[in-house]
Amino acid sequence: MSILSGKKILVGITAGIAAYKSAHIVRYFIKAGAQVKVVMTPASKDFITPLTLSTLSKNPVASTFYDKEEENELWNNHVELALWADLMIIAPATANTLSKMSNGTCDNLLLATYLSAKCPVYFAPAMDLDMYQHPSTKKSMDALISFGNKMIPATSGELASGLIGKGRMAEPEDIIAFIEKDILSSLPLYGKKVLITAGPTYEAIDPVRFIGNHSSGKMGFELAKQAANLGAEVILITGVSNETVSHALIKRIDVVSAQEMYNAVHLYYKDIAIAILSAAVADYKPKHVAAQKIKKKDATLTIELEKTKDILASLGAQKKHQFLVGFALETNNALENSKGKLKRKNLDLIVLNSLQDKGAGFKTATNKITLIDKLENISEFSLKSKTEVAKDIFNEILKQINA
Ligand code: CTP
């Protein structure tokens, strides 16, 4: 999943030969999971057809204030279009349009929409080299940048005129990459690595049996998604889980046993900024794993268990710059037990789920948590979806790391 997934994107197209590349821009946005609407200047229709763009964007294309061909002359509301968008990109942006944008002229639908836009606006200039170098064009670009618009500079190469120089619109892939990076770099966890453990661990008894638990992994997966949505590079180390995730910023590592989870976690811990251990790790494992399937013989069977390594405690013991978050699942004396865990394992924050709360814990889509920080400040939350719970946990983490 791209950071553009779910975003509402307005693509403005003006009358330059590079308009044919705008079809690719629209296609990339759609592939990234964005919703796209296209606004064209009337003259740009000489370079690319609205039919191509409406087919690719899966939305009607607007180019005039009202549709003359429509029986009731449907009004294209520029304000509505502008307010719909999470971001606007004008590509190609001709010298003429840049000049009008910088002066506040709005003699077509695209310009009126631009002027009404409150979202971030990107523009990708495209023109001949002398036009690109002209002081008036430079003045327009500088003015637009000073208004807070973001320029995706033209590149050098062969131009439609046959001349060689700067003025080619950036390639569609580069325009998308520029916008993705720009959005990412504005996010609070950009450049940070977050490690999350999720799901159960299975401890083998013999080749076909194991000791496990009912953890679904859902909470950990929601935490991973939320961390990625905040711009972090996420390492998600999960026990056996049916949950799925597809996000460019999430690297999923599948493990089975507590020892495998321990090894994987320690491989990454050094460079991690935030570690959240939400996995339901088995506390005990069979001391001896039978090489062959155990046959039923006697009326009873005793399996000797030994402790697994406490992954969270081992991270607490090695903690340097990391912000360390643990989970506690309690049935009684919840607050006292959690505070004890927080101290013993050298945590910065502990997430308490009390099994006494209806809708909290394993396999449910919801959770009810209490957060306790190092200074023993306690925040209680209501029953929420695990997606919302993940947001609450990260809000608290951000508050603490930025304090
Ligand atoms: N944890 C871990 N490694 C283990 C056991 C637990 O990393 N071997 C982590 C869990 O991911 C969770 C926290 O430790 O973040 C839970 O702490 P723990 O003391 O195991 O809680 P309980 O399992 O509830 O333990 P207890 O039986 O002591 O209440």
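Every condition in (1) within 13 Å of the ligand (Cβ to nearest atom); (2) in contact (Cβ under 8 Å) with a residue 12 or more places away in the chain; (3) surrounded by fewer than 18 Cβ atoms within 10 Å (Cβ to Cβ) is met by L349 except one, and the failing one is (3).
Is there a residue in the stretch 189-204 that is in a helix (DSSP H, G or I), under 16 Å from the mean Cα position of the chain (by Cα) and of a type outside the set (D, E)?
In the first step, residues of the stretch 189-204 are kept if they are in a helix (DSSP H, G or I); the result is none.
No.
Considered as a group, the residues in the stretch 300-337 that are among the charged types (D, E, K, R) and not in a loop (DSSP other than H, G, I, E, B) include one that is nearest to the chain's Cα centre (by Cα), and that residue is E330.
For the stretch 346-366, how many residues are closer than 26 Å to L187 by Cα and in a strand (DSSP E or B)? Residues flagged as closer than 26 Å to L187 by Cα and in a strand (DSSP E or B) within the stretch 346-366 amount to 3. Against the list (1) more than 10 Å from the ligand (Cβ to nearest atom); (2) under 21 Å from A204 (Cα atoms); (3) surrounded by fewer than 20 Cβ atoms within 10 Å (Cβ to Cβ), the condition V255 fails is (3). Scanning the stretch 264-299 for residues being under 28 Å from R209 (Cβ atoms), part of a loop (DSSP other than H, G, I, E, B) and either among the polar types (S, T, N, Q) or within 16 Å of the ligand (Cβ to nearest atom) (or both) gives a total of 7. Screening the candidates I303, I311 for the property of being within 10 Å of the ligand (Cβ to nearest atom) and touching a residue at least 40 places away in the same chain (Cβ under 8 Å) yields one hit, I311. Report the residue count in the stretch 203-215 for those that are in contact (Cβ under 8 Å) with a residue 60 or more places away in the chain and closer than 25 Å to H266 by Cβ. Matching residues across the stretch 203-215 total 6.
If you check T387 against the conditions, is it at pLDDT 95 or above, in contact with a helix residue (DSSP H, G or I) (Cβ under 7 Å, 6 or more places away or on another chain) and either among the small types (G, A, S) or away from the ligand (no atom under 15 Å from the Cβ) (or both)?
Working: at pLDDT 95 or above: yes; in contact with a helix residue (DSSP H, G or I) (Cβ under 7 Å, 6 or more places away or on another chain): yes; either among the small types (G, A, S) or away from the ligand (no atom under 15 Å from the Cβ) (or both): yes.
Criteria met by T387.
For the stretch 318-328, check the following and say yes or no: at least one residue is exposed (fewer than 12 other Cβ atoms within 10 Å of the Cβ) and within 12 Å of the ligand (Cβ to nearest atom). Checked against the condition, which is being exposed (fewer than 12 other Cβ atoms within 10 Å of the Cβ) and within 12 Å of the ligand (Cβ to nearest atom), the stretch 318-328 yields no hits at all. Considering the stretch 118-135, and only residues there that are assigned to a loop (DSSP other than H, G, I, E, B) and not acidic (D, E), the residue that is farthest from V79 (Cα to Cα) turns out to be H134. When P207, P153, P200 are checked against the criterion of being at pLDDT 95 or above and either in the same structural domain as F123 (by TED's automatic domain parsing) or aromatic (F, W, Y) (or both), P153 stands alone in meeting it.
What do you reckon, is K45 at pLDDT 95 or above, within 29 Å of L230 (Cβ to Cβ) and buried (at least 16 other Cβ atoms within 10 Å of the Cβ)? No; evaluated as a whole, the condition is false for this residue.
Rundown of residues vs (1) in a helix (DSSP H, G or I); (2) of a type in the set (D, E, K, R), yes/no style:
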{"site": "E80", "(1), (2)": "yes, yes"}
{"site": "A91", "(1), (2)": "no, no"}
{"site": "T137", "(1), (2)": "yes, no"}
{"site": "S140", "(1), (2)": "yes, no"}
{"site": "G157", "(1), (2)": "no, no"}
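Would you mind stating whether S215 is within 16 Å of the ligand (Cβ to nearest atom), at pLDDT below 95 and in contact with a Gly (Cβ under 8 Å, 6 or more places away or on another chain)? Taking the combined requirement at face value, the residue satisfies it.
When we screen L111, L115 for residues that are part of a helix (DSSP H, G or I) and crowded, with 17+ Cβ neighbours inside 10 Å, the only hit is L111.
Can you find even one residue in the stretch 220-228 that is modelled with pLDDT of 95 or more, acidic (D, E) and surrounded by fewer than 24 Cβ atoms within 10 Å (Cβ to Cβ)?
From the stretch 220-228, those modelled with pLDDT of 95 or more are 220-228; that's our starting set.
Cutting the leftovers down to acidic (D, E) gives us 222.
Imposing the further condition that a residue be surrounded by fewer than 24 Cβ atoms within 10 Å (Cβ to Cβ) reduces the set to none.
No - not one qualifying residue is present in the stretch 220-228.
Has the stretch 377-386 got at least one residue that is more than 17 Å from D283 (Cα to Cα), assigned to a helix (DSSP H, G or I) and within 26 Å of the chain's Cα centre (by Cα)?
Scanning the stretch 377-386 turns up at least one residue that is more than 17 Å from D283 (Cα to Cα), assigned to a helix (DSSP H, G or I) and within 26 Å of the chain's Cα centre (by Cα).
Considering every residue within the stretch 46-53, establish whether at least one is touching a helix residue (DSSP H, G or I) at 6+ places or on another chain (Cβ under 9 Å) and free of Cβ contacts under 8 Å to residues at least 12 places away in the same chain. No, the conditions are met nowhere in the stretch 46-53.
The values are calculated or read from the model by the stated rules, or taken from the named source; none is laboratory data. Computed from a predicted structure; not experimentally measured. Reconstructed Cβ throughout: ideal geometry from the backbone, glycine too, with neighbour counts over all protein chains shown.
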